[in-house]
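See structure below.
The values are calculated or read from the model by the stated rules, or taken from the named source; none is laboratory data. The structure displayed is predicted, hence computed values, not measured ones. Quick reminder, even Gly has a Cβ in these numbers, built from the backbone with ideal geometry, and neighbours come from all protein chains shown. We work out accessible area using only protein heavy atoms, side chains counted, and drop any ligands, DNA or RNA first. Shrake-Rupley method; radii C 1.70, N 1.55, O 1.52, S 1.80 Å.
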Amino acid sequence: MEIQAHIYRYHPEKDEQGQVKSYSVKMEPGMSVLELLHQVHAKHDGTLAYRYSCRGAICGTCAVKINDVAGLACKTQVADVVVDGAIKLEPLTHLGVVKDLVVDQRPFWDAVKATMPWLNREKDIADEKMTYEDKLNKHQLDQLSRSSDCIKCASCYSDCPKVDEMPEFIGPAISVQVYKQMFDPRDTALNTRIEYANAECGVFACDKHATCVKVCPKDCRPLRAITFIQNKIKEQQAV
């Protein structure tokens, strides 16, 4: 079956603005969106730029907008998203376009770095024998496990309506990273993490659209992480 792939194209040295170009692609059984891009690159235009690495929905590198919704190209089946014999592919939003489907992820990773994505331990505190169940309830523990599954694909950040309205909002993925450290019982930087999360552009800026939950390819449940962080901040303020 032949389908039309409408793909956003932009070359920074040649184009003032991007444009959509169409390519006729043979849709094979079980074909992923990433395989479709490979076919376009091999048979139509070798200058097409897009990112990919693991091909197994682990690295998050291949995230693009598929029919206006962010998703992993390697995980998404073409047959599931083709509409009237066509599919539209665009770069993630809220991140500048470098070329074609490749976006500048430096602001996103700078935001991850700003969360201090590592454990903070005071040198004079000896490690204690414990299990996570001693310190967290089952819902918090489940969220900690889900937060560890985040692959930083930025799909949730791309499709977050709040980022449209407030570009400085830390966003769902960064909130998941904050949760991962804030709720780890071994960490001793709670006050610093609360100060970061409680900023004007922090978790309380979330309007709870839940778009992040719908597009997350690993079911990390960012909105629940945000809610738990909000509750933690309120608890600490009440002390």
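Residues whose amide H falls under 5 Å from that of VAL103, counting only those 5 or more places apart or on a different chain, are VAL98, with hydrogens built in the peptide plane. Based on alpha-carbon atoms, the Kirkwood radius and the radius of gyration of the range 39-198 give Rg/Rh equal to 1.06. Looking at the chain, the accessible area is 53 square angstrom per residue; that uses a 1.4 Å probe and ignores ligands, DNA and RNA.
Remark: the range 97-106, residue by residue, has Karplus-estimated 3J(HN,Hα) of 7, 7, 6, 6, 9, 8, 10, 7, 8, 4 Hz, where x stands for each Gly or Pro and the curve is 6.51 cos²θ - 1.76 cosθ + 1.60 at θ = phi - 60°.
Sparse packing (at most 10 other Cβ atoms within 10 Å of the Cβ) combined with a DSSP loop state is found for the following GluC sites (Glu not before Pro) in the range 79-151: GLU122, GLU128.
Once the Cβ-Cβ distance of ALA238 and THR188 is raised to the sixth power relative to R0 = 22 Å, the FRET efficiency obtained is 0.60.
For the listed residue pairs LYS43/LYS152; LYS65/LYS113; LYS21/LYS214; LYS65/LYS162, the alpha carbons are over 23 angstrom apart in LYS43/LYS152; LYS65/LYS113; LYS21/LYS214.
Placing a pseudo-label 7 Å from each Cα along the Cα-to-Cβ vector at LYS14 and ASP110 gives an inter-label distance of 3.0 nm.
Gain on full extension, evaluated as 0.36 nm per residue between ASP142 and GLN77 minus their Cα-Cα distance, stands at 20.5 nm. Can you give me the % of accessible surface on the chain that is carbon or sulfur? Probe 1.4 Å, all protein chains present, nothing else counted. After summing per-atom areas, the C and S share lands at 49 percent. Need one number: the % of Cα-Cα pairs in the range 106-210 sitting beyond the 22 Å mark. In whole percent, the long-distance tail amounts to 34.
Each Cα pair under 8 Å and six or more residues apart adds its sequence gap; the mean of these over the residue count of the range 1-115 is a relative contact order of 29 percent. The fraction of Cα-Cα pairs per 10 angstrom bin, counted from 0 for the range 1-124, comes to 12, 41, 29, 10, 5, 2, 0 percent, rounded to whole percents. Under the criterion of Cα pairs below 8 Å and six or more residues apart, the relative contact order for the chain equals 18 percent.
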